[in-house]
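> Below is the structure I would like to discuss, written out as C-alpha cells.
Just so it is clear, none of the values below were taken in a lab; they were calculated from the coordinates. Quick caveat: nothing in here was measured; it's all calculated off a predicted structure. Glycine gets a Cβ as well: all are built from the backbone with ideal geometry, and neighbour counts include every protein chain shown.
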C-alpha cells in the first residue's frame, strides 16, 4: 500500500520504515590475509610452524594448493578486494613506488568498487582490521582526502594502519581516520592481539545489534611482515629448532608436503639459486644469528595463527560458525627475501640501502623479536619456506613468489571436509566467489559509476568437486619486470634478473639475463622442467598472449628499478615547492610524507618556547623512532639535539646550562656537506648565542621510517627517537616550531632521492 499524505497526520497513511539487511540466509564472510608467508611455512601445508587454526579451517573445509597471489603486498590486496587484476586497478606496484602511469598510480578507480562496497550497499556490515596498503601515500595525512582510505572504499569500520608495515609494540594505528595510541601505558601490548580483540568485539557487537545482518570481516594483520616482533613470553618457543639450516629445512618441508599429499608425488624440489649461499658455506660464526632470526619468525607466525583462532572461537560462541564463509589466505606473496644474506637488525638501515655488518647482528641478538629492533630473517630462510618452488616474494614469474596456500570452510555448504583442491585460481577469484556465495550479482553501477567487469571467476564450483576442471583459464603475472603468463595448463616465465634482496641493481629489459621459460604445470607442479627449447611455438604463443594481457590491463610501461623518474612521472607531494613551514603542538602523528623534508639539505629549525620551571623536560619536536630519526628536547632544562642514524650511530649536542625562566628561542642549524646521505655539522643556538655543535659523517638519505613513525611537536609518539622515556611530553610551553630548508637539491641528488624512495619501497612491501 502506497503512502497517502494529507495535510494532517491523522488523515495520512504511511508505509513502515525498514532497515536494509543482506540477502536472506546470506553467509557471514571472514577473509584472513597474512603477510609475507611462503607456501611451505604453514604446518597446514607441510611447513615447520604449527598452525592449528588453519588446520581447523582445512579439516572442516578445504585446502587449496594451486592458489596464486601477485607476488607483492599492495597489488595482492587491491586485486583481492576488487576482483580485478592489479594493474587494471592501478596497483601494479606498492603505493610507496607509485608513478603517474595508469597501471601504477596506486589510485583504485571508482569503476572498480571493492567487495566491501558492494556488500555494504547490499545490507552487509563491513569491517577491516589491520594492514590497508591500498591508500596512495600522498593521501595518508591529517587532511586526507579520505576516499581511498578503507573507510572510503566500503569498510564501515577500519581499525589498523594504512601503510606497508608497523611496529607490533608501538604501531601507527588509526581508528577510522583518527590516529590512536592504544599501547600507551601497556607493557603487555601486541598489535596482532589487539587486532584480533577488536575484530571479535566488532563481530559480537554487530550481531548483537542486528542479528539478521550478515557481515564481512577482513582481517589482515601486519604479521608476519618485518618487523618480526613477538610477545616476551614467546621469544623462545622455537629455540634450537632451526640449527639444521635452510637447505635441510627446505628438504624437510618438501618431504612433509609429499607425505601429506599437499604436492603430487612426482613433484621435484627445485634447486637453490646460485645467488643464495648454502648453509654449509655460510660462516659458522653467524649461523646462531640466522637460526635465531628464523626462530623469531616461527614464533611470530605461530602466535598470529593463534590470534586468528580467536575469531573462529567468537563465531562459534555466538552460533555463527556454520553459516560463515571463512577464507584463510596464508600470505599475500611468497616468503620475503628483503632481509639480505645476513638478515637485519634495523629495517630502516636496509630500506635506506645500507646493509648491516653481521658482527653488529651477532652483538645484538638479544634484541631480536623485541621493540629494540626491527629485524628480518636471511634470504636462505625465504627460499626454504617457498618449497618446492623457485624464488620468492617479488618474483612474479615463478610460483615461489605467487603460490600461497589457502584454506576455506563453510560448514553449512562445504561437505567434503578435509578435501584438497588443485584447480588453478588467483586472488582476483575471491571477490566473485564471495558474491556467488552471498547471492549478490555483480552490479553494473555502484554509487552511480559504471563498473569495470570483474575479471576473476568464482571458485564456488570447487566446494563440491575436486575433479571439475578449473574455470580460471588465463592469468598474467608481473611485478618489477618479473613476468609470467598461465594458460590452459602451461606457464611461461621470465625472471628479469634482479634478485629481491639487492635493491640498487638494474637490469635491461630483453637483456642477456632474461630468458623466457616454459612449463607444463599439469605434470610439473614446481616448474622444474623448462620446455622452452622443446616447444618454441608454444612459448611464442604464450609470449604473444602475455603482450595482449599486458596491454589490456595497463601493465606497460615495464619499469626496472634503475629507470629514472622525472617530474612528470613522479608521484605528487603535498609540500611540493614549499621550503618553510610553521608547526605547533597541534601537529602530532604527522606521517613523514606530510611533513617538510629536511633530508639531504641544509636546514634551520627554530623553536619558540616559554619556561616556567628551570628543570623543564620533554620533547619539543621530533621525527622518526628508536631506529632512525631526530629529536630536539629538554633534558633537565638543557636544550638537547639528538640524531639517530639507523639505531647504529647516535649523535647528541646539548647546552651546558639549563634555560632560565622566561621566553627562549632555540635554533638548530644544520650545515650540510651536499650530495646524497652525506654528513654535516649541527649547530645548537639558544637566544642567538651558539652553545654547542657536533658533526655527523652520514645522514639518512631516503626515509626515516617505513613503519609509520611520525613527526610530533611537544611529545614523541611511537618508539622514542632519543634515549628518553616513551612519549616524554614537554613541560615547557611551545609557541611554535619553524622548519626551513635552506638549499635546493641538485639534479643528481634529486634523482638519487627519487630512486632511493623507490628502492626503499621495495624493502618495505
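> Using alpha carbons only, how many degrees (0 to 90, rounded to 10) separate the axis of helix 287-317 from the longest principal axis of the chain?
60
> Using only Cα atoms, locate the centre of segment 72-144 and the centre of segment 433-450, then give the distance between them in Å, rounded to an integer.
So the two Cα centres are separated by 17 Å.
> Hey, another quick one. Hey, can you rank 105-115, 740-750, 381-391 by average C-beta count inside 10 Å, highest first?
381-391, 105-115, 740-750
> Another question about this same structure. Beyond 16 Å, how much of the Cα-Cα pair distribution for segment 478-552 remains, as a whole percent?
For segment 478-552, the fraction of Cα-Cα distances above 16 Å is 51 percent.
> Another question, if that's okay. Using alpha carbons only, how many angstrom separate the centre of segment 458-479 from the centre of segment 586-634?
When both Cα centres are located, 53 Å separates them.
> Provide the descending list of Cα extents for the chain along its principal axes, expressed in whole angstroms.
Principal-axis extents of the Cα atoms in the chain, largest first: 89, 81, 51 Å.
> Something else: Just to be sure I understand: if I project the alpha-carbon convex hull of segment 28-471 onto a plane and average over all orientations, what area do I get in nm²?
In nm², the orientation-averaged hull projection of segment 28-471 is 20.4.
> In degrees from 0 to 90, rounded to the nearest 10, what is the angle of the helix 246-260 Cα long axis to the longest principal axis of the chain?
For 246-260 against the chain, the angle is about 30 degrees.
> Next up: Which order do 308, 499 fall in if you start with the one that has the fewest other Cβ atoms within 10 Å?
Lowest count first: 499, 308.
> Another question about this same structure. As a footprinting exposure proxy, order 422, 93, 314 by other Cβ within 10 Å, with the fewest listed first.
In order of increasing Cβ crowding within 10 Å: 422, 314, 93.
> Specify the angular offset, from 0 to 90 degrees and rounded to the nearest 10, of the alpha carbon long axis of helix 191-209 from the longest principal axis of the alpha carbons in the chain.
On a 0 to 90 degree scale, this one is about 60.
> While we're on this one: Only counting other Cβ atoms within 10 Å, I'd like 137, 268 sorted with the fewest neighbours first.
Going from least to most buried by this count: 268, 137.
> State, as an integer percentage, the relative contact order of segment 28-471 based on alpha-carbon contacts under 8 Å between residues 6 or more apart.
29
> Starting from the Kirkwood radius over alpha-carbon pairs of segment 580-746, derive D by Stokes-Einstein at 10 °C in a medium of 1.306 mPa s and give it in µm² s⁻¹.
102
> Counting pairs of alpha carbon atoms under 8 Å apart in space and at least six apart in sequence, what relative contact order in percent does the chain give?
Working: 1912 pairs, mean separation 129.1, N = 765.
It rounds to 17 percent for the chain.
> I'd like the FRET efficiency for residue 578 and residue 362, computed as 1/(1 + (r/R0)^6) with the beta carbon distance as r and R0 of 35 Å, rounded to 0.05.
About 0.20, to the nearest 0.05.
> For segment 198-255, what is the convex hull volume of its Cα atoms per residue in Å³?
Looking at segment 198-255, the number lands at 163 Å³ per residue.
> Continuing with the same structure: Note down the Stokes-Einstein diffusion coefficient of segment 553-675 in µm²/s, whole number, using a Kirkwood radius over alpha carbon pairs, 4 °C, and 1.567 mPa s.
Working: Rh = 17.3 Å.
Taking Rh from Cα pairs, D becomes 75 µm²/s.
> Beyond 12 Å, what percent of the Cα pairs of segment 378-431 remain? Working shown, then result.
On the way: 1032 of 1431 pairs.
When every Cα pair of segment 378-431 is considered, 72 percent fall beyond 12 Å.
> Ignoring everything except DSSP H segments at least 4 long, calculate the 222 nm mean residue ellipticity for the chain; use -39,500 (n - 2.57) per segment, divide by total residues, nearest 500.
When only DSSP H runs of four or more count, the value is -6000 deg cm²/dmol.
> With N set to the residue count of segment 256-414, report its C-alpha Rg divided by 2.2 N^0.38 Å to two decimal places.
1.23
> Given R₀ = 22 Å, FRET efficiency for residue 540-residue 509 by Cβ-Cβ distance, to 0.05?
0.75
> Using alpha carbons only, how many angstrom separate the centre of segment 674-747 from the centre of segment 188-235?
Taking the Cα centre of each part, segment 674-747 and segment 188-235 sit 35 Å apart.
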